[in-house]
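Asker: One structure coming up, written as C-alpha cells, with questions to follow.
The values are calculated or read from the model by the stated rules, or taken from the named source; none is laboratory data. What you are looking at is a predicted structure, and each value in this text was computed from that prediction instead of being measured. Please note: Cβ atoms are built from the backbone with ideal geometry, for glycine as well, and neighbour counts cover all protein chains shown.
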Amino acid sequence: MKPPATGAAIDVHDLQIGMFIHLDLGWMSHPFPLSSFKLTTGEQIATIRSLGLTQVRWSPERSERPPAGGDTAVVEALGAAGESATAESPEAAERRERREAQAAQRAALQLCERQYAEATRALRQTSDMVTAQPQAARGQAEALSQSLVSKMLGQRELCIRLLSEGAGDRASSHGLNVAIIAMLMGETFGLADSEMLDLGVGAMLHDIGKIELPDRVRHVDDAFSSSELRLYQEHVAHGVAHAQRMGLSAGATLVIAQHHEQADGTGFPKRLNLDRMTASARIVALVNRYDNLCNPAQPSRAMTPHEALSLMFAQGKNKFDATMLNAFIRMMGVYPPGSVVQLTDERYALVSAVNSSRPLKPRVLVHDVHVPRDEALLLDLEEATDIGIRRSLKPQQLPAAAAEYLAPRQRIAYFFEPAPHPLPEETKW
C-alpha cells in the first residue's frame, strides 16, 4: 500500500532552490533518480514544470531557507519549522534524529520496492504484447530501458538493494534482476549510452523465446531427456525470431542470441567462444547464471547469494569472461544482498544493501532481541568500525528466533538506489 502523502502543496511556479519536494508520479513518469529530493538547480525546477504538474508537495522542515525577498508563505513555513526544531531539548533532538534516520532507511526500501513493482509490471506487459503487438512491445521495452539508464546515470555511487518477498512473478523478476545487475555492470565497464540501452533491452528480454515452449521445459532440469534438452535450448532461436519481428537493435538481438554461450565455447546454440561474444552478451550470460542459481524454478535447490558467487568463482572461471567475473564479485560484494551472516559481536544479520566501492562493508538488518522486528536496526558496517562480518550462513543454520525475525528471502530480488550519506553519529550502532 502506498504510504499517505505528507507535506504542504505548492504551485510549481513558486518552487525555489533549497526546497525539499515530493513528486507523486510513477517512477517511470519523471527523469529524477528519486521521487523525493532537495532542489539544487534551476534545471530541476524547469524539468518539474515541464511535467505538466500544477502543484507538488514540499517539506519545509527539510528545506533550506530561501534568500531574502523570497515568497512570503515559503519564508513563514520555513521559519515555523525552524522554531519548532530550536524548541527541542538536546535529548529530544537526538531521539528525533535517530527515528528520522531509521524512517529514512525504511522509506528508501519502500521506494525501491514500489519502483521495482512498477518496472516488473511494465516488463510483464511488454512480454504479453510480443506476439500480437511486436512493435509496441519494442517501444515499451526501450522506454523501460531508457528509464533505468536515466536513473543510473549521473549518480556518484549506487547501491544494490535487496527487496522483500513477492516482488513480481518469477519470469518478470528474473528479467528485471538480470537487467538491473547487467546495467550496473555495463556502467562499471563504461558502456556508451546506446550500448546501455541495448544491454537493458536484451537483458530484460533474453528469455522471451520461452513463451513458445511448453511449461514443462521452460526451466532446465538435470532429469531432461536429450529431446527435452534440445527443445529447451530452442528458446534462444525463438527469442531471436521475436527480436527480429519486434525490430530490436542488433546489439539487443545479439544479447538474446548469445546469453547461453560460454567463454570456453561449450555453451549453446552456436558454441561461441569469448572472442565471438559481444561485451553485453558476456555480461548477461554471467548475471543470468547467478540469478538462476539464487532463484531456480525449484526453490529447494536455491543457493544463497554467497554460495552462488563462490561456485561461479570456483567452477566457472573458464565459463565466463574472467575480467567481468572479478568485477561482478567486487560489485556484488563478498556477501551479496540476501546473504545471512553472523557479525563479530555474535548477532545474526541479513545483508540488505551493498555499495560496490566497499564490498566488505554492506548494510545489514540486525537481529536484536531488544528491538521490535518492525523497527529492526539497519546497520551500516562502513560506519560501525568496531563491528564486522564473521561468517556467512545458510538460512537453516539460523536459530529459530533469528530466522523468524530476519525472514531470509525464498526468492532474491534486487534494485538499485543512490549510495546513502553517512548516518548521524547517534545512529552508528
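Asker: In segment 305-347, how many residues are surrounded by 15 or more Cβ atoms within 10 Å (Cβ to Cβ) and in a helix (DSSP H, G or I)?
Answerer: Count: 14.
Asker: Looking at segment 45-66 only, could you name the residues that are in a strand (DSSP E or B) and loosely packed, with under 15 Cβ neighbours inside 10 Å?
Answerer: Result: Q55, single match.
Asker: Please work out if I160 is among the hydrophobic types (A, V, I, L, M, F, W, C), in contact with a Pro (Cβ under 7 Å, 6 or more places away or on another chain) and either modelled with pLDDT of 95 or more or not in a helix (DSSP H, G or I) (or both).
Answerer: Criteria met by I160.
Asker: Next up: Every residue in segment 363-390 that is outside any strand (DSSP E or B), out of contact with any helix residue (DSSP H, G or I) (no Cβ under 8 Å at 6 or more places or on another chain) and among the aliphatic types (A, V, I, L, M), please.
Answerer: Listed by number, the residues that qualify are V371, L381, A384, I387.
Asker: List every residue pair whose Cβ atoms sit under 8 Å apart, with the two residues 6 or more apart in sequence or on different chains, where the first one lies in segment 112-130 and is over 27 Å from P337 (Cα atoms) and the second, anywhere, is in a helix (DSSP H, G or I) and polar (S, T, N, Q).
Answerer: Short answer, once both residue conditions are applied: Q125/Q140; T126/Q140; S127/S172; M129/Q140.
Conditions tested, residue by residue: (1) within 20 Å of the chain's Cα centre (by Cα); (2) surrounded by 20 or more Cβ atoms within 10 Å (Cβ to Cβ); (3) assigned to a loop (DSSP other than H, G, I, E, B).
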residue	(1), (2), (3)
A171	yes, no, no
N177	yes, yes, no
H206	yes, yes, yes
V220	no, no, yes
A223	no, no, yes
Y232	no, yes, no
A237	no, no, no
A252	no, yes, no
V255	no, yes, no
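Asker: In segment 208-242, which residues are in contact (Cβ under 8 Å) with a residue 40 or more places away in the chain and either touching a Ser or Thr at 6+ places or on another chain (Cβ under 6 Å) or closer than 14 Å to A257 by Cα (or both)?
Answerer: Of everything in segment 208-242, those that are in contact (Cβ under 8 Å) with a residue 40 or more places away in the chain and either touching a Ser or Thr at 6+ places or on another chain (Cβ under 6 Å) or closer than 14 Å to A257 by Cα (or both) turn out to be I208, G209, H242.
Asker: Six or more apart or on different chains, Cβ under 6 Å: which pairs go from a residue in segment 363-381 that's in the same structural domain as A401 (by TED's automatic domain parsing) to one that's part of a helix (DSSP H, G or I)? Could you list them?
Answerer: Final answer for the pair search is H367/A402; H367/Y405; H367/L406; R373/Y405; L378/Q105.
The rows are residues; the columns are (1) within 21 Å of N318 (Cα to Cα); (2) not aromatic (F, W, Y).
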| residue | (1), (2) |
| --- | --- |
| L191 | no, yes |
| A203 | no, yes |
| V217 | no, yes |
| A252 | no, yes |
| F268 | yes, no |
| R271 | yes, yes |
| D275 | yes, yes |
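Asker: Then there is this: Can you name the residue in segment 288-302 that is over 19 Å from H260 (Cβ atoms) and in a loop (DSSP other than H, G, I, E, B) and is also nearest to the chain's Cα centre (by Cα) among such residues?
Answerer: Taking the candidates together, the pick is A302.
Asker: If you don't mind, another one. Being among the basic types (K, R) and within 22 Å of L109 (Cα to Cα), is that true of even one residue in segment 384-406?
Answerer: no
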